[in-house]
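Down below is the structure, laid out as structure tokens.
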Amino acid sequence: MKGLAFAFVLSAAAYLTIGMIWGIGMGIQEDFTMAPAHAHLNLVGGVLMALFGLYYHAVPAAAATGLAKLHFALSTLGSWIFPAGIAIAQHGPHGVAIVGSFLVLAAMVVFVIVVLRNRA
Ligand code: HEM
């Protein structure tokens, strides 16, 4: 695996590693306030990024497009900003979480376009 597919899968593995350490930390401290942020880092940053990586590995023509690079950029920003925003929102304002949610949505809309443009 190489290129964009590799970047997606490596990112997923990194986010899942961080998310799992975060989960163990919550368990040790017996404080589960950050469970929603942990869950979204693992699911948006880990599971979704891994699925996107496997898609781009299976469809190399799609990975070669500028739209796919935009998809990676939006997904990466969303994977950081959305969980961080959810963490902040536990005790503070919701603005960062809202921005993050729209970044994740924008990434998914771009992915829909990528998939449609690369029909066999
Ligand atoms: C070492 C691995 C992991 C550890 C130690 C861990 C630990 C935890 C802990 C302590 C909680 C809070 C439970 C509670 O509130 O009673 C939690 C919640 C959760 N975790 Fe993990 N987790 C791990 C991996 C994952 C992964 C890989 C995913 C998803 C791909 C995930 C998704 C979730 C979800 C959806 C919740 C519920 C969040 C909520 O209730 O708001 N976790 N986890």
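When you check Leu10 against the structure, is it more than 6 Å from the ligand (Cβ to nearest atom), buried (at least 16 other Cβ atoms within 10 Å of the Cβ) and within 14 Å of the chain's Cα centre (by Cα), yes or no? So Leu10 does not fit the description; no. Among the residues of the range 17-35, those identified as more than 8 Å from the ligand (Cβ to nearest atom), closer than 19 Å to Ile88 by Cα and open to solvent by less than 100 Å² (accessible area, probe 1.4 Å) are Ile18, Gly25, Asp31, Thr33, Met34. Every condition in (1) more than 9 Å from the ligand (Cβ to nearest atom); (2) outside any helix (DSSP H, G or I) is met by Ala61 except one, and the failing one is (2). Could you please let me know if His40 is open to solvent by 50 Å² or more (accessible area, probe 1.4 Å), within 16 Å of the ligand (Cβ to nearest atom) and under 20 Å from Ala7 (Cα atoms)? Spelling it out, His40 is indeed open to solvent by 50 Å² or more (accessible area, probe 1.4 Å), within 16 Å of the ligand (Cβ to nearest atom) and under 20 Å from Ala7 (Cα atoms). When the test is whether a residue is within 17 Å of Val110 (Cβ to Cβ), in contact (Cβ under 8 Å) with a residue 24 or more places away in the chain and over 17 Å from the mean Cα position of the chain (by Cα), Ala61 passes it.
The values are calculated or read from the model by the stated rules, or taken from the named source; none is laboratory data. It should be emphasised that the depicted structure is a prediction, and the values quoted were computed from it without experimental measurement. Note that each Cβ is placed from the backbone with ideal geometry, even for glycine, and that neighbours are counted across all protein chains shown. Side chains are part of the model used for accessible areas, which takes the heavy atoms of the whole protein and leaves out ligands, DNA and RNA. Shrake-Rupley method; radii C 1.70, N 1.55, O 1.52, S 1.80 Å.
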